[in-house]
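Structure record follows, encoded as structure tokens.
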Amino acid sequence: MERTLAILKPDCVRKNLIGKVIAHIEEAGFKIVAMKMLRLTPEQASAFYYVHREKSFYNDLVKFMSSDRVVALVLEKENAVEDFRKLIGATDPKEADEGTIRRLYADSKQENIVHGSDSVENAKIEIAFFFSQSELIANGVD
Ligand code: CDP
Ligand code: MG
């Protein structure tokens, strides 16, 4: 079964929206197979978003992503990567479709509530960023 990596970002945690967003994810048919709360260091946030290092928004993004705790989840479903991107909507909540998580809950292009992997290949890399192989095995989802 396909997997994707989701992150409930610091704005989601600060706005007490963890439960609502997870309910949305489960109602859409995703199985949560691993989950943890943690605070990223600026170094970890920089590494996670390394692909965007040349972008004008990179430094602010790193500051934001390390500003508070996040919740990382491994989600399982057929076509998980693409379906989760559809569920969260466009990066900018103003451009996100009606009913998507970002349209419903996000305040801005930066503070957009949730991250979702953009390809199956990146999902594997991002899952390994947050979860060790032994943690996934311990969950029975190696
Ligand atoms: O998260 P997504 O894949 O939709 O967007 P991205 O282009 O990969 O950008 C990663 C994250 O950087 C976004 O989710 C936003 O939090 C942030 N960002 C921003 O602050 N300003 C932009 N112009 C674009 C992205
Ligand atoms: Mg992206």
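Rank-order 4-15, 54-65 by packing density, defined as the average count of other C-beta atoms within 10 Å over each peptide's residues, highest first. Could the numbers behind the result be given before it?
Numbers: 4-15: 22.0, 54-65: 14.0.
Highest mean packing first, the order is 4-15, 54-65.
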- Query: What's the local net charge at V70, with K and R +1, D and E -1, over the other residues with C-beta under 12 Å away?
  - Reply: +3
- Query: Near K94, which aspartates and glutamates are there with a Cα under 14 Å away, not counting those fewer than 8 places off in the same chain?
  - Reply: D107, E111
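How big, in percent, is the set of alpha carbon pairs in segment 7-142 lying more than 23 Å apart? Numbers along the way, then the final one.
Details: 2733 of 9180 pairs.
For segment 7-142, the fraction of Cα-Cα distances above 23 Å is 30 percent.
Could you work out the local net charge near I127, counting Lys and Arg as +1, Asp and Glu as -1, over the other residues with Cβ closer than 12 Å to its Cβ?
Values: positive: R3, K36, K124; negative: E2, E76, E121, E126, E135, D142.
The answer is -3.
Among Y49, Y105, rank each residue by its count of other Cβ atoms within 10 Å, from fewest to most, as a rough exposure measure.
Numbers: Y49 16, Y105 20.
If I rank by nearby Cβ atoms, fewest first, I get Y49, Y105.
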- Message: I'd like to compare 76-84, 19-27: which one has the highest average count of other Cβ atoms within 10 Å, and what's the full order after that?
- Response: 76-84, 19-27
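Laboratory data are not the source of any read-out in this text; all were calculated from the coordinates shown. These figures come from a predicted structure and were not determined experimentally. Using ideal geometry, Cβ is built from the backbone for each residue, glycine included, and neighbour counts are taken over all protein chains shown.
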